[in-house]
1. Condition check: free of Cβ contacts under 8 Å to residues at least 40 places away in the same chain, assigned by TED's automatic domain parsing to the domain that holds GLY209, basic (Lys, Arg) and farther than 17 Å from LEU159 by Cβ. Does ARG117 satisfy that?
2. Against the condition of a type outside the set (Gly, Ala, Ser), surrounded by 12 or more Cβ atoms within 10 Å (Cβ to Cβ) and modelled with pLDDT of 95 or more, how does ILE36 come out, does it pass?
3. What are the residues in the stretch 301-319 that are buried (at least 18 other Cβ atoms within 10 Å of the Cβ) and in contact with a helix residue (DSSP H, G or I) (Cβ under 8 Å, 6 or more places away or on another chain), if any?
4. Here are LYS141, LYS145: which of them is in contact with a Phe, Trp or Tyr (Cβ under 9 Å, 6 or more places away or on another chain) and either in the same structural domain as ALA175 (by TED's automatic domain parsing) or not charged (D, E, K, R) (or both)?
5. Could you figure out which of (1) assigned to a loop (DSSP other than H, G, I, E, B); (2) assigned by TED's automatic domain parsing to the domain that holds ASP123 isn't true of ILE214?
6. Can you tell me which condition VAL299 does not meet? The list is (1) at pLDDT 95 or above; (2) part of a loop (DSSP other than H, G, I, E, B); (3) β-branched (Val, Ile, Thr), and all the others hold.
7. Kindly indicate which of LEU148, LEU159, LEU187 is within 26 Å of THR355 (Cα to Cα) and not β-branched (Val, Ile, Thr).
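The values are calculated or read from the model by the stated rules, or taken from the named source; none is laboratory data. Just so we're clear, the structure is a prediction, and the values are computed from it rather than from any experiment. Cβ atoms come from the backbone with ideal geometry, glycine included; neighbour counts cover every protein chain shown.
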Amino acid sequence: MKKRCYILSFLLINSLLQGCGAREIEKKAFVIGVGIDQAKSDDDTSQPVMNGTFQVAVPRSLKPELTNEKAYQNFEDKGHDLSEQISRIAQYSNKELYFAHNQIILVSDKVAKQPQRMERLLDFFIRHEDIRRSVRVFITKGDTKRYLNVANNERLPSLYIDTLSANVQNHSRTASIKRLGDLQEDLLAHRSFVLPVLNYKSTEEIKIGGAAIIKGESSRLTHFLNEKDTEAMNILKGEFQKGMLYFQLEDDLYIYKIDNSKSKIKLVSTANGQLTFRITVSVEGEIQEVNKKMDTRTVSADRVKKEVEKQIAKKTGKFIKKLQTQYKTDVLGLGVYMEKHHHKEWLKLKKDWETGDNHFSQVKINTHIHTTISSAGGLR
């Protein structure tokens, strides 16, 4: 942990030494994390006001002999946009906020629920000449400034959140991590997408899990997906990396460990104007654990394979139904597929795909699940 802090400190300083003098470095405050919250207005304008928290690394505080000193400083101010907030901070800070080393962008759920606010916020970061397109974007439940003040052994809250996102590869209960560059195309095309969600647990702990649906037409947060629905979504999108599937067969509990998944979308029919899609999902994994009774006969691997496919079909089927009837939002990429492979048909549907007639909620979606059991344990 300390080694990562030293490395970050070294990179912050060393990379700048190559392009500017020591005096210029002393005038810069290295931003490593940004949080945007809703704030109350002090004037009569109807425009929404936001509170920005800009977390700045304090490299000298990362030294081992200064363990009691904070390794970061949070600058806060409010305004109608980020440029106004940064300008206000410049009035009392003797250092310029420098964004070239920013790691994360946090947007509170209250801000994200405002129409077009997400698009405007991310547009600022995309256009900023110093901000890298690899910055990770998250939605937070509650104010972001709480997350940027979490005190644990990482010493830098932004670094703690960044390492949490890196650990997503070890489970599939959260939406895939989105980088700033990944979002630009979706925003420009007004496509719906999902962002990973951070949950505040305590002053020392943050949990990452679930997904936030950002609807393309309004660029606003409309729904949260729980962890089970997020797993189903990741399976359908071929983004399920690792996780467990628990199911019962002949009164015995089986645990199928999913190591990888792939998916493919295909338009298979338009009979009577009914669009029908088939999503073929290929899942690889192994039977990791079987809690069997001592007198229970051995169950064949083929039967277990069929049961796994049945359970995945059930899990994804429930999610598809909820997606079409409750959320009415295409986060599976069917519209993207239509645009690429059936462009003429897409032009007829595009306007009312998720609004108006909402063609997405009316299409038929069939799934075909194929599983591979690489290790069957004691199964025959």
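1. Answer is no for this residue.
2. yes
3. Result: ILE312, LYS315, THR316, PHE319.
4. Exactly one residue qualifies, and that residue is LYS141.
5. Result: ILE214 fails condition (1) only.
6. Tallying (1) at pLDDT 95 or above; (2) part of a loop (DSSP other than H, G, I, E, B); (3) β-branched (Val, Ile, Thr), VAL299 fails exactly one: (1).
7. After ruling out the rest, the residue left standing is LEU187.
Residues checked against (1) over 29 Å from the mean Cα position of the chain (by Cα); (2) modelled with pLDDT under 95:
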| site | (1), (2) |
| --- | --- |
| GLY356 | no, yes |
| PHE360 | no, no |
| LYS364 | no, no |
| GLY378 | yes, yes |
